[in-house]
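> Dumping the structure here so I can ask a few things about it.
The values are calculated or read from the model by the stated rules, or taken from the named source; none is laboratory data. Because the structure is predicted, anything quoted here is derived from the model rather than measured. Positions of Cβ are backbone-derived with ideal geometry, glycine not excepted, and every protein chain shown enters the neighbour counts. Ligands, DNA and RNA are excluded from the accessible area calculation, which covers all protein heavy atoms including side chains. Shrake-Rupley method; radii C 1.70, N 1.55, O 1.52, S 1.80 Å.
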Amino acid sequence: TARASAMHARVASALEEEYARNAGSHADELAYHYARVHTPETNPKAIQYMCTAGLAALARFANREAVSYLGSALQRADAAHTGTPPAEKSVIMAGLARALQRTGEYTQASALWFRSRDEALAIDDVAAVAVAEHRIGLGAYWSANLSDALSHFDSALNAAERAKDDGLAVRIHLARAIVLQDVGDVKAAKKGVETALRIAERKNDKVLLARVHRSLLLLYAWAGPKEKARLHGQRALEFAEESNQKMLEWTAHWGMSVLSGLSGDATGVARHLARAEALNEDLQSPILPIWTAEIAVQYLSGTGDWEKGLEQGERAIEMARTFGQRSLLPRLLVWTALIHLWRGDSTTARPLLDEAWSLSRAGSPRLEGEIPAVVPAHYGIASFHLHTRNYLEAIAVGEAGLAIADKAGYDAWALQWLLPVVGEAALWARQWEKAEKHSKRMRADAARLDHPLGLAWADACDGLLTMLRDDDPAAGAVLLRSAAEKMDALQIPAAAAVIRRHLGRALIDSGNTESARRELKRAHDVLSKLGARSELEAVRDQLRELGARPPAKTSSSGAAGLTGRELEIARMVAERKSNKEIGAALDISARTVSTHLSNIFLKLGVDSRGALTDFIRQKEL
């Protein structure tokens, strides 16, 4: 051991002489050797190079490497007999704490930040106090301790202003605004972000401007208008790319994916998620994939890829628990539970929803939880009661959630989630006035926010009102068809299929049995592929009522590759209809029918209309 130590010392000394003034660029190499020299006189250099190597690793997001270097440096600094200067030790502690936060080790990171703050207070280093209080506040926020987070941010802001550190003041204002928004004080949140914007514009700092516009993106994404949010998102991306700040670019893409989801833009969600996931390949954070998973699960639940949605949701829930993501965990629990619920598995869904309710502190007499966790918790429980036909409870929980969302200014969330659930529950409870009130609000808010999904829900609610209350199924069918087509355009097949089931009922009641059969079979195809058991059984019952034999619940492997429109055309071919007749029935041209048939023949491996007819009949499609 002694000979090895001496040899490392000789190598380190030779390398240091070789690199001369450029030794700092080779800190990791020098740190490797100095770390293996066990003499007191080499301790200062070992600490110096470990610190330099650790901070360099932190800058390139090699977070595990940074923890290793900086942890060793701090251990030596604490044990050094000669004593490491307080300023140098403060830098090591700050870097190590940041690396630990990135790897999700919040308890250890917070302990270091508290230590760093106390040591900075002892030497009256207000700049270091500001940094430490800011980081302690972030740790409290990520652990869902919002009141503690605000207290530490206030202390941090006071210290940053005393230190005249405008850059840090901007970051604190933005972090504080996020907490204020989460507790429902949108007015104070906007004031904080506007203050940060003035400072960033005065300094003309692209990194700070990227941070501010990212915060404004999220602020307006929840509350609207979405065009204002999109403009800030584009500016955030521009400034982040210009300054080569990949972490800021990641957060901007994450925010844009949130905005796309709230705007009913499935294509936009997929595009921004893909970019965020690609950036994380460079950042190598274990935390960021949990945040992208939340958006992905919502996206997959809407587009109908429920198997993948459940797989990602369950994995993300475990990761969120492992890394202490208490503010995110309730939302992941809700989105995952809803897929189980829509598949008819309320037994699996309920414990997840109850856990989300408890973690978010929803339903407490004095609201203490985060709005972004509390509102989804209300949505999840209200959806459960709607699914299990406990309509009055669904209305009560949903309207309580609406009151919270309205107070916090979360207009898009109220429109996209809570209003449709409460409106539908009121319909089935025959509370016509309440259903009409919520439907009118949906339409007005959707028009104000330019929200296509809200308009689709309003059409569905009005269609059911017209059919059930006004006893006018023909007029109701027009609105329900409009809602289903809008859902299809938004790439939300499950919702479109459920609305088509109601459309089938309206068409049956208005005497248009042929159209009813066609719409119900189209809904059946989608619900069968999704595995939405309860809705599928309802569709099959309606088909039997028409005297039609329901299709097989599980399509053959070949038929599973057909789209809903292709399967619809294939069935009409089996009924001996010509391309012209099919086109007239579906309101498309005969040439478009011919194109669809070419695709169908290719997918099923058939070469004639007769062979296609045999396939459809043999497979009971």
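> In terms of Cα to Cα distance under 13 Å, which aspartates and glutamates are near enough to Lys308, apart from those fewer than 8 places away along the same chain?
Straight-line reach from Lys308, under 13 Å: Glu294.
> Grab the beta carbon distance between Ser346 and Arg10, set R0 = 51 Å, and tell me the FRET efficiency rounded to 0.05.
Efficiency, from the Cβ-Cβ distance: 0.10.
> Enter the angle in degrees (range 0 to 90, nearest 10) between the Cα long axis of helix 166-182 and the first principal axis of the Cα atoms of the chain, meaning the one along which they spread out most.
40
> For the pair Arg60/Thr107, report the inter-label distance in nm, with labels modelled 7 Å from Cα in the Cβ direction.
3.3
> So, for the stretch 250-293, what is the accessible surface per residue at a probe of 1.4 Å, expressed in square angstrom?
Heavy-atom accessible area per residue stands at 31 Å².
> To the nearest 0.05, what FRET efficiency results for Arg115 and Asp450 with a Förster distance of 45 Å applied to their C-beta separation?
Efficiency, from the Cβ-Cβ distance: 0.35.
> Let me ask something else about it. Output the 0 to 90 degree angle, nearest 10, between the alpha-carbon long axis of helix 371-387 and the longest principal axis computed from the alpha carbons of the chain.
Once rounded, the angle reads 30 degrees.
> Hey, can you find the accessible area per residue of the stretch 515-554 for me, probe 1.4 Å, expressed in square angstrom?
Using a 1.4 Å probe on heavy atoms only, each residue of the stretch 515-554 averages 43 Å².
> For mean projected area of the Cα convex hull in nm², which listed value, [x] 34.0; [y] 39.9; [z] 35.6, comes from the coordinates shown?
[x]
> Net charge around Ile47, counting only other residues with Cβ within less than 15 Å of its Cβ (Lys, Arg = +1; Asp, Glu = -1)?
-1
> Work out the length of the dipole vector of the stretch 317-418 about its Cα centre, built from +1 on the beta-carbon of each Lys and Arg and -1 on the beta-carbon of each Asp and Glu, and round it to the nearest 20 debye.
The dipole of the stretch 317-418 has a size of about 120 debye.
> In the structure shown, do any of Lys226/Lys434; Lys226/Lys486; Lys187/Lys226; Lys191/Lys246; Lys407/Lys437; Lys226/Lys529 have a Cα-Cα gap over 22 Å, and if so which?
Cα-Cα > 22 Å for Lys226/Lys434; Lys191/Lys246; Lys226/Lys529; rest within.
> Using alpha carbons only, how many angstrom separate the centre of the stretch 164-211 from the centre of the stretch 398-468?
Computed from Cα coordinates, the inter-centre distance equals 33 Å.
> Sticking with this one: Picking from Ile499, Val526, Ser510, whose Cα lies most toward the positive end of the charge dipole for the stretch 491-546 (charges on Cβ: Lys, Arg +1; Asp, Glu -1)?
Checking the options against the dipole of the stretch 491-546, the answer is Val526.
> Moving on to the next point. Counting only the heavy atoms of the protein chains, how much of Lys308 is accessible to a 1.4 Å probe, in Å² to the nearest 10?
Lys308 exposes around 100 Å² with every protein chain in place.
> Multiply the residue separation of Ala20 and Ala396 by 0.36 nm, subtract the distance between their alpha-carbon atoms, and state the gained length in nm to one decimal.
Length gained between Ala20 and Ala396: 128.1 nm.
> If you take the charge dipole of the chain about its Cα centre, with +1 on Lys and Arg Cβ and -1 on Asp and Glu Cβ, which of Met247, Ala590, Ser5 is farthest toward its positive end?
Ala590
> What 222 nm value per residue comes from the helices of the chain, counting each DSSP H run with n ≥ 4 as -39,500 (n - 2.57) and dividing by all residues, nearest 500 deg cm²/dmol?
Mean residue ellipticity at 222 nm (helix-derived): -25500 deg cm²/dmol.
> Continuing with this model, one more query. Explain nothing, just the number: dipole magnitude of the stretch 1-104 about its Cα centre with +1 on each Lys and Arg Cβ and -1 on each Asp and Glu Cβ, in debye rounded to the nearest 20.
Around 260 debye, computed over the stretch 1-104.
> Sticking with this one: For Val269, Val91, Val478, what's the largest-to-smallest order of accessible area, 1.4 Å probe?
Val478, Val91, Val269
> Counting only protein chains, not ligands or nucleic acids, how are Asp124, Asp525 ordered by accessible area (probe 1.4 Å), most first?
Asp124, Asp525
> Any chance you could give the angle, 0 to 90 degrees and rounded to 10, that helix 266-283 forms with the longest Cα principal axis of the chain?
With rounding to tens, the tilt is 20 degrees.
> Quick check for me: using +1 on Lys/Arg Cβ and -1 on Asp/Glu Cβ, what's the dipole size of the chain about its Cα centre, in debye to the nearest 20?
The calculated dipole for the chain is roughly 880 debye.
> Once R0 is set to 56 Å, what does the formula 1/(1 + (r/R0)^6) return for the Cβ-Cβ distance between Lys164 and Arg533, expressed as a FRET efficiency to the nearest 0.05?
About 0.30, to the nearest 0.05.
> With all protein chains present and a 1.4 Å probe, how do Tyr19, Tyr106 order by accessible area, largest first?
Tyr19, Tyr106
> Moving on to the next point. Quick check: residue separation of Lys440 and Glu242 times 0.36 nm, minus the Cα distance between them. What number comes out in nm?
That works out to 66.8 nm of additional length.
> So what is the relative contact order for the chain, in percent, with contacts set as C-alpha pairs under 8 Å and at least six apart?
The value is 7 percent.
> Taking Cα centroids, how far is the stretch 324-377 from the stretch 125-151 in Å?
The distance from the Cα centre of the stretch 324-377 to that of the stretch 125-151 comes to 26 Å.
> Give me the distance in nm between label points sitting 7 Å out from Cα along the Cα-to-Cβ direction at Arg469 and Gln75, one decimal.
Placing both labels 7 Å along Cα→Cβ, they lie 7.0 nm apart.
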